[in-house]
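Just below is one structure, and these are the notes that go with it.
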Amino acid sequence: MTDPLRRAGGFAAVGTLALAAPALGRAAAIPFALVAVCAAFVVDEGALFDLFARPGDEREGRLSGLAGFALAAAGLAVLTAFSGSAATMPVPVYVASVLVLAYGNLGERLVERSTDDPFLATAGFATAGFAAALAGQTAVVGLAADPSVAAPRFAFLAAAAALAAALFRTVLYVQDDPLVMVSVGVLLWLFDAVAVDVTATAVGVALALTAVLGVVSYVIGTASVTGMLTGVLLGLLTVVLGGFGWLLVLLTFFGVGGLSTKFRYERKLERGVAEDDGGARGTENVLGNAAVALVAVVGFAAADLVPGRPVDPAVFRLVFAGSLAAAMADTLSSEVGGLFDGPRLVTTLERVAPGTDGAVTWQGTAAGVVGAATVAAVSLLFVTAPAAVVAGVVALAGVTGMFADSLLGATVEGDRVGNEAVNLLATATGGAVAVVLAVALAPLP
């Protein structure tokens with residue numbers, strides 16, 4: 001069987017064909033289409049087969065992995081051919097989407113030569129993928145773009161591509177590389193469209209700060225590898241599409257929420273109310289709590305791009321703050337309340353065992369109120385309105401979301417509706433309540 005590093009090098013060489021897109025124009029998909037045909041129907045033995053064959057390919061007698069990789073690249077290349085149409089994928093986005101996976105895999109295999117640490121392997125993927133995506137975008141644009149404008153944008157897209165691809169590759173399999181490539185391409189296309197004003201300061205500070213905090217969260221055990229990647233990606237998008245005030249709210253939730261999970265963890269473990277995996281939050285948990293916030297920051301960035309601007313961007317500020325206030329309140333109420341006896345079911349007030357879905361304690365409720373108030377206070381940095389209105393609206397929205405989570409936990413959470421889905425609904429409730437209260441109490445900020 002071919003050494004995995006050599007095979008990854010072969011795939012990287014094939015991915016480099018994407019750099020020919022500017023010269024080929026509408027025919028950019030042809031090289032990858034030819035590779036796919038040869039992989040599926042022509043090359044079934046010999047040195048080339050041995051180089052690209054994965055274990056499953058050897059059993060089937062065809063290079064299915066290479067064929068899928070090339071078909072995904074060809075499909076994205078087709079999207080670059082609709083010149084002048086809204087359906088046209090920018091060539092730099094296309095190139096970054098192909099190269100980040102091709103060279104990211106190479107970087108991961110190179111690291112795996114010396115260590116089996118999954119964190120270091122993922123770091124190798126993200127670093128090599130970022131470098132390749134950045135170099136590829138620069139190569140296809142050349143001197144045609146203003147470096148002061150193009151460089152920050154290319155760095156942002158390369159970082160977003162590397163983080164998204166690393167995340168997808170961590171939760172999927174090598175055989176799913178075509179799905180990873182297409183998913184990254186679509187996401188990057190969206191990010192490129194909504195990121196109107198990308199500055200070097202925003203990208204640099206976002207990457208440095210979120211990467212450091214992500215590594216710290218992994219080291220101290222508040223996030224898994226996938227949770228860390230998700231958090232860093234969310235932080236990058238929040239700064240570039242929203243601003244530093246938005247990021248501070250997000251980091252307040254991640255920091256305080258993560259530490260609350262580790263607070264008296266052994267005691268929670270004894271009581272059967274501790275989070276799994278030593279309290280390390282994974283992708284599902286991060287997105288369950290922050291997906292609404294992510295949609296809000298993307299909506300905020302896209303609001304000015306819609307003709308007539310039917311939605312005031314201030315709405316998205318309130319949704320962002322309200323959803324994270326709800327996430328913070330729910331997290332603190334669960335992590336603190338689980339340490340106390342005498343919880344009662346929120347629907348009937350009957351006493352139940354600690355850890356029962358929908359159970360509340362007065363201590364946990366008080367901690368949740370403090371958490372919502374904390375997010376409300378930090379939100380004053382980016383929601384421009386009378387301080388009393390913003391603080392009250394966001395805090396009330398957070399507390400409402402906390403009780404919505406308890407109510408959903410007592411009524412629908414179980415085999416069919418998981419904890420992450422309940423968290424998502426509760427944070428959506430917090431975001432919606434923030435907007436409704438703001439409209440009722442004062443003009444939108």
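Full extension of the chain between VAL212 and ALA87 gives 41.3 nm of extra length, using 0.36 nm per residue less the Cα-Cα distance. Principal semi-axes of the equivalent ellipsoid, √(5λ) from the alpha carbon gyration tensor of the range 1-194, are 27, 21, 13 Å from largest down. Taking Cα centre as origin and charging only the Cβ of basic (Lys, Arg, +1) and acidic (Asp, Glu, -1) residues, the dipole magnitude of the range 206-445 rounds to 420 debye.
The calculated pair-distance distribution of the range 201-249 uses every alpha carbon pair, bins of 5 angstrom beginning at 0, and gives 5, 26, 32, 21, 13, 4 percent. Axis of helix 244-262 versus longest Cα principal axis of the chain: the two differ by about 70°, to the nearest ten degrees. Any chance you could tell me what percent of the C-alpha pair distances in the range 102-244 go past 25 Å? The share of Cα pairs beyond 25 Å in the range 102-244 comes to 25 percent. Taking θ as phi - 60° and the Karplus parameters 6.51, -1.76 and 1.60, the scalar couplings of the range 9-26 work out to x, x, 5, 4, 4, 5, x, 5, 4, 4, 5, 7, 3, x, 6, 7, x, 5 Hz in sequence order, x denoting glycine and proline.
Residues considered: GLY258, GLY371, GLY355. Largest GNM mean-square fluctuation over the chain, using C-alpha springs under 10 Å, is found at GLY355. From least to most packed, judged by other beta carbons within 10 angstrom and beginning with the fewest, SER260, SER97, SER379 follow the order SER260, SER379, SER97. Semi-axis lengths, largest first, of the ellipsoid equivalent to the chain are 43, 27, 18 Å, with √(5λ) applied to each eigenvalue of the Cα gyration tensor. Between VAL295 and ASP197, the simple label model (points 7 Å from Cα in the Cβ direction) yields a spacing of 2.7 nm. Of the residues ASN419, VAL393, THR347, the one whose Cα sits farthest toward the positive end of the charge dipole of the range 335-445, with +1 on the Cβ of Lys and Arg and -1 on the Cβ of Asp and Glu, is VAL393.
Since only ALA121, GLY368, LEU71 are under comparison, the one whose Cα sits farthest along the positive direction of the charge dipole of the chain, derived from C-beta charges on Lys, Arg, Asp and Glu, is GLY368. Each residue of the range 426-431 was assigned a 3J(HN,Hα) from its phi angle through the Karplus expression (A = 6.51, B = -1.76, C = 1.60, θ = phi - 60°), giving 5, 5, 5, 4, x, x Hz with x at Gly and Pro. Normalised by 2.2 N^0.38 Å, where N counts its residues, the alpha-carbon radius of gyration of the range 85-130 equals 1.45. Net length available on complete extension from ARG271 to ALA139 is 41.8 nm, with 0.36 nm assigned per residue and the Cα-Cα distance removed. Annotation: Cα Rg of the range 206-445 relative to the compact-globule expectation 2.2 N^0.38 Å equals 0.97. Stretching the chain fully between ARG416 and ALA13 yields a gain of 140.6 nm (0.36 nm per residue, less the alpha carbon separation). Legend: calculated FRET efficiency, ASP3 to ASP304, from the Cβ-Cβ distance at R0 = 45 Å, rounded to 0.05, equals 0.35. For the chain, leaving out every one of the trypsin sites (Lys or Arg not before Pro) that falls in a DSSP loop and has at most 15 other Cβ atoms within 10 Å, the longest unbroken run is 265-415. Set the Cα radius of gyration of the range 340-401 against 2.2 N^0.38 Å, with N its number of residues, and you get 1.40.
Using C-alpha pairs below 8 Å separated by at least 6 residues, the relative contact order for the range 1-194 is 23 percent. Charges were assigned to the Cβ only: +1 to each Lys and Arg, -1 to each Asp and Glu. The resulting dipole of the chain about its Cα centre is roughly 660 debye. Across the options ALA432, PRO55, VAL198, the greatest Cα extent toward the positive end of the charge dipole of the chain (unit charges at beta carbon of Lys, Arg, Asp, Glu) belongs to VAL198. Summary value for the chain: 11 percent relative contact order, contacts being C-alpha pairs under 8 angstrom separated by 6+ residues. At a Förster radius of 60 Å, what calculated FRET efficiency corresponds to the Cβ-Cβ distance of ARG59 and ALA377, to the nearest 0.05? Efficiency at R0 = 60 Å is approximately 0.50.
The angle between the Cα long axis of helix 200-219 and the main principal axis of the chain comes to about 70°, on a 0 to 90 degree scale. Computed over the alpha-carbon atoms, the range 51-107 gives an Rg to Rh ratio of 1.11, Rh here being the Kirkwood radius from the mean inverse distance.
The numbers here are math on the coordinates, done by the rules we state, and not lab data. Treat the numbers as computed from the prediction; the structure is a model and nothing was measured. Positions of Cβ are generated from backbone atoms using ideal geometry, with glycine treated the same way; all protein chains shown enter the neighbour counts.
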